[in-house]
Amino acid sequence: MSEPENFAFTPENLERAKARIAKYPAGRQASAVLALLDLAQRQNGGWLSRAAMDYVAHMLGMAPIRVYEAGTFYTMFHLRPVGRHLLQACTTTPCWLRGSSDVVAACERKLGIGLGETTADGLFTLIEVECLGACVNAPILQVNDDYYEDLDGPATEALIDALKKGEPPPPGSVIGRRGSEPVGGATTLHEVAAPATGEEA
Amino acid sequence: MTDPIRFFLDGAEVEARPGETIWQVANRQGIEIPHLCWLPKPGYRADGNCRACMVEIEGERVLAASCIRKPSAGMRVKTASERARFSRQMVFELLLADQPRRDAAHDPGSRFWQWADRLDLSESRFPRHGAPAPDRSHPAIAVHLDACIECTLCVRACREVQVNDVIGMKGRGYHEKIVFDFDDPMGRSTCVACGECVQACPTGALMPASLVDVNGLYAHAPDREVDSVCPYCGVGCQLTYKIREDRIVAVAGREGPSNQGRLCVKGRYGFDYVHHPDRLTEPLIRKEGVAKGNVAIDPGNPYTHFRKASWEEALDAAAAGLKRIRDAKGPKALAGFGSAKGSNEEAYLFQKLVRTGFGSNNVDHCTRLCHASSVAALMEGIGSGAVTAPFTAAMEAEVIIVIGARPTQNHPVAATFFKEAAKQGKTLIVMDPRGQALARHATLMLRFKPGRDVALLNALLYTIIKEGLFDKQYVAAHTQDFEKLAEHIRDYPPEKMAAICGIDAETLRHVARTYARARAAIIFWGMGISQHVHGTDNARCLIALALITGQIGRRGTGLHPLRGQNNVQGASDAGLIPMLYPDYQSVEDPGVRQKFEALWGKSLDPKRGLTVVEIMDAVHRGEITGMVIMGENPAMSDPDVAHARAALAQLEHLVVQDIFLTETAKYADVVLPASAWPEKDGTVSNTNRQVQMGRAALPLPGNARQDLWIIEEIARRIGLPWSYGHPRAVFAEMKEAMPSLNGITWERLLRESSVTYPCDSETSAGHEIVFADGFPTPSGRGRLVPAAIVPPAEEPDGEYPFVLTTGRQLEHWHTGAITRRAQVLDEIEPEATASFAPSELRRLGVAAGERVRVSTRRGAIELKARADSGVAPGMVFIPFCYAEAAANLLTNPQLDPFGKIPEYKYCAARVEPVAAKAAAE
């Protein structure tokens, strides 16, 4: 995919951007750079084009190079197009001990791509990331903004099938575990009533 | 001011001045501490990242970076403890691991290797990582990141010193990398090639391309250095030529008062023109029977139209023609154009040659085409044509106005100070019909309608007077004719002016209030103000703004017309002006004339002479038939240049003294090969009134001679018994004629390189800021001169619907005679282009890069179209440096009535696409 020439916020995102900028004192608009880059990335299909970074630079009165520096420093900004579903497999020690290699292998097998690659249909990009901070439910696969937890090879394949069908399952543990409760259910505090599921949402 | 801090450095009690770091105190004490990411030069901030300068502080757990750590009272610092030395040694050994081997180094004499030597390090025990590929995409700068230690000096050079914001650090951790823009090849990035990063780099990762071979190995090592001044713009940057076998191989910035070590692409990489094969090396005489008028002569082979002559023959022929015309038709049949690119001494001798040898005041130079109107207004308003404060005063201002000037292109080093000031939070207001690079740094950018300066400025004056924001005390004490101005300005309310100038009334009022209320405000302007038929009126408005608000004569205030040529200030001071003797003394004042008649031992013409464009008109009328042109190129630079060229062709006798066969020299009868700036000794005066010493660095090529010698030889042959010999002797005579040179001697300039005038004595520094208390006018007061709206001389119409404006580019100088022969500069900007708004190109159905034909009532040229969002729709911009598409074939020769400056910035034009077939024919 070639670099698009232009980028501009949608009216809704422009309002959001203004609200972000307004959080900082006059002359400190540059502080909003990460928030605006994130907005831009979301609007731009999950990646930041150079035009998008130039647009943010102009909006914040920053030299473009300063925005490029921020954009290249933070790994959550993607500087090349990504698939509609960005699969971020955590392979840091706890996830690895709990079988992240199977998760990665399942993705690779199912999608026919390696780490850092995108499927030809543009649906999936697979990357390896450092600790996602949900070790209690390891291993984790992050799909766009959602965490899928307690995965193994078959569960990962099932997840990918569901995503392909456009029927993403609810995020969270795929084995029905609630939060970080023990796998076999609560072992303490039995007398405390579990909150109704409706309240959780 | 806080008190000095007493602490202990290696056991001895020392004192730190406020703000000083441990490294600075140690350095002052003669204690050497290695350093890489710290560059003790003006404008460079310590960053403390490379850890090469670690010292031990008693009672502290960890070592401290001495370049950034400030001492506190009683602190005990050990610079040479075993722990500190071991740590520094280890830093160098780690860095050394990834460096190219010294015998394959890009710069084996880099600061890194110098320190490694002093630490006795040549090998590293650590494994080497893979080396990044070289980037040789830029014609002037070689990038070899295998030597990069990521000390970020280049980032600070680019971002904080020159404020260009091109270099940055990409990625994080192990993947960190110095990048240009978005990791673009340097040659395709937005880099303006100022070379500041190259000068700052401590390892040779960034090198002048001229000092490394194709394999990245160090080559062409300089064998000597000469300190001098840059020959390009009026900023007057001091520099050091690095020379190998009598060729300039590199240039470094020197810490002069106007540049503090900085240079731009021209000053740093634009010197090989001196060695270009087109250099004139033999005197030439036009062949018998070869008609004038053909500009298609190959400058590298003039022998199609000229023949080689001995100096004796050429000088005799040059002088005989002048003498014949003078004696037969009278002194007024001769005229001379001097040059603002030569030295003060040359300018002075040239005007003396015309005034005492030819016998008239028909002497002028290119100041007529740049700031003549500014000078006319300044002389009338405040009695002095020079700046009231240096451009560095921007750093002390609260509000900075830049109007009709594009300093990032034309005064790049001055622009660094403006950008820096803006970064520090000062209010920078840029006013220019075209968008420009400075706008990104500006608090406000006013893109007003071209040619509507007076409307804009009068609206500001209206607001300041109407709202009582003027400085009543200052106006009462130091100005005259305020009532007249106040009366006049009533007709110019912002609401009414907004429709004319295209800037809304509220913005106009805001700018007026901001300027008037500032503690200190300064105004800079350029050709966008002066090159109009209302150029003098434009400048009058600026002067009035400063006078009624008292924004003049104090620190951070003033009026500063940014002077163009490196010595346009000096050439004007030296009297290369038809109505003025040296130091702006009127030729029509009998007392002054008597003084000069006594000094020069000749009776002088009591009438003012003709100006540049007037001289060309007089040639057409047959009144002037002989000319000497030294280092100027009117066949490119005059407006409606076809008219000027016809005049040159019509001359009975034309002597041209230059370093190349310029378009003008192609019309000559006698061509005298002269000296380039790096080949001569002489002084020049920059826009800041700093008189600076230029030093000869190279021998003259072939049979070329010093300009001063040539002038003197012509003088002798037309009856003037001159024998100056050396510029020193000319300078001594200039001092007799010019009180402005008080306190400045040749010896002092040799010693100090730069002295600002006016200067009270040989031992005191000059006055940077003048007119603290009144003005050198007859009344001692600044005169307020109202200006009415005069429209441009030629407005667009149905036939010629575009506004054509002309100017310069960063890479090229004036008519391109020298810069187009500088390889790097010509490679960056190799051909003529006409810039349009992208929307305008779409409307014309022309893609960027396709050819267009631009025509006016005076001529037509064909050139490539360029998209530039800075150009307003309905406008076309063409730089005037390209002989193959000379913009001045198009420009309007209408003159400002006071400054006699032509309207280069505005005329009506038509644009048509050129069919591909026609272009191929």
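The values are calculated or read from the model by the stated rules, or taken from the named source; none is laboratory data. Keep in mind it's a predicted model, so treat the numbers as computed, not measured. Please note: Cβ atoms are built from the backbone with ideal geometry, for glycine as well, and neighbour counts cover all protein chains shown.
Observations on the model:
- In the condition set (1) under 25 Å from B:CYS264 (Cα atoms); (2) outside any helix (DSSP H, G or I), B:ALA133 is compliant with all but (1).
- Helices (runs of 4 or more DSSP H) lying entirely in region B:294-413 (those with 1 or more residues that are surrounded by fewer than 24 Cβ atoms within 10 Å (Cβ to Cβ) and among the hydrophobic types (A, V, I, L, M, F, W, C)): B:311-329, B:372-382
- Selection count where residues are surrounded by fewer than 18 Cβ atoms within 10 Å (Cβ to Cβ) and in contact with a helix residue (DSSP H, G or I) (Cβ under 9 Å, 6 or more places away or on another chain), scope region B:764-817: 8
- Among all residues of region B:484-504, there is none that is closer than 21 Å to B:GLY556 by Cβ, outside any loop (DSSP other than H, G, I, E, B) and touching a residue at least 24 places away in the same chain (Cβ under 8 Å).
- Test: A:LEU126 is within 16 Å of the chain's Cα centre (by Cα) and within 14 Å of chain B (Cβ to nearest Cβ): no
- If the condition is being among the charged types (D, E, K, R) and in a strand (DSSP E or B), then region A:79-123 contributes only A:GLU117.
- Scope region B:414-427; condition part of a helix (DSSP H, G or I) and not small (Gly, Ala, Ser); matching residues: B:THR416, B:PHE417, B:PHE418, B:LYS419, B:GLU420, B:LYS423
- Listed conditions (1) surrounded by fewer than 21 Cβ atoms within 10 Å (Cβ to Cβ); (2) out of contact with any Pro (no Cβ under 9 Å at 6 or more places or on another chain); (3) under 25 Å from B:GLY404 (Cβ atoms); (4) polar (S, T, N, Q) are all met by B:THR507, apart from (2).
- Residue check for B:ILE464: in contact with a Lys or Arg (Cβ under 9 Å, 6 or more places away or on another chain), closer than 19 Å to B:GLY558 by Cα, touching a residue at least 24 places away in the same chain (Cβ under 8 Å) and part of a helix (DSSP H, G or I): yes
Conditions (1) in a helix (DSSP H, G or I); (2) out of contact with any Ser or Thr (no Cβ under 9 Å at 6 or more places or on another chain); (3) not hydroxyl-bearing (Ser, Thr, Tyr), marked per residue:
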{"site": "B:GLY591", "(1), (2), (3)": "yes, yes, yes"}
{"site": "B:GLU597", "(1), (2), (3)": "yes, no, yes"}
{"site": "B:ASP605", "(1), (2), (3)": "no, no, yes"}
{"site": "B:ARG608", "(1), (2), (3)": "no, no, yes"}
{"site": "B:ALA642", "(1), (2), (3)": "yes, yes, yes"}
{"site": "B:LEU654", "(1), (2), (3)": "no, no, yes"}
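- B:PRO893 touching a residue at least 40 places away in the same chain (Cβ under 8 Å) and either within 24 Å of B:THR664 (Cβ to Cβ) or among the aliphatic types (A, V, I, L, M) (or both): yes
- Those strands (runs of 3 or more DSSP E) lying entirely in region B:140-206 with at least 3 residues at pLDDT 95 or above and within 14 Å of chain A (Cβ to nearest Cβ): B:167-170, B:177-180
- For region B:92-116, a residue qualifies if it is farther than 23 Å from B:ASP213 by Cα and buried (at least 19 other Cβ atoms within 10 Å of the Cβ), and the qualifying residues are B:PHE92, B:LEU95, B:TRP115, B:ALA116.
- Only residues that are over 16 Å from B:ALA84 (Cβ atoms) and in contact with a His (Cβ under 7 Å, 6 or more places away or on another chain) were counted in region B:1-50, giving 0.
- Test: residue in region B:255-266 that is touching a helix residue (DSSP H, G or I) at 6+ places or on another chain (Cβ under 9 Å) and of a type in the set (Asp, Glu): no
- Of the strands (runs of 3 or more DSSP E) that lie entirely inside region B:804-912, those containing 2 or more residues that are at pLDDT 95 or above and of a type in the set (A, V, I, L, M) span B:851-855, B:860-867, B:875-879.
- Of all residues in region A:20-33, those being within 14 Å of another protein chain (Cβ to nearest Cβ) and within 21 Å of the chain's Cα centre (by Cα) number 1.
- For region B:336-362, the set of residues classified as within 25 Å of the chain's Cα centre (by Cα) and closer than 17 Å to B:ALA319 by Cα consists of B:GLY336, B:PHE337, B:GLY338, B:LEU349, B:PHE350, B:GLN351, listed by residue number.
- Within region B:207-221, the set of residues being crowded, with 18+ Cβ neighbours inside 10 Å and in a loop (DSSP other than H, G, I, E, B) comprises just one member, B:GLY216.
- Residue count for region A:38-91, restricted to those that are aromatic (Phe, Trp, Tyr), in contact (Cβ under 8 Å) with a residue 40 or more places away in the chain and within 12 Å of chain B (Cβ to nearest Cβ): 2
- A:LEU37 vs. criteria part of a helix (DSSP H, G or I), of a type outside the set (Lys, Arg) and surrounded by 12 or more Cβ atoms within 10 Å (Cβ to Cβ): yes
- Any hit, region A:177-189, residues being in a loop (DSSP other than H, G, I, E, B), closer than 25 Å to A:PHE124 by Cβ and either in contact with a helix residue (DSSP H, G or I) (Cβ under 8 Å, 6 or more places away or on another chain) or at pLDDT below 85 (or both): no
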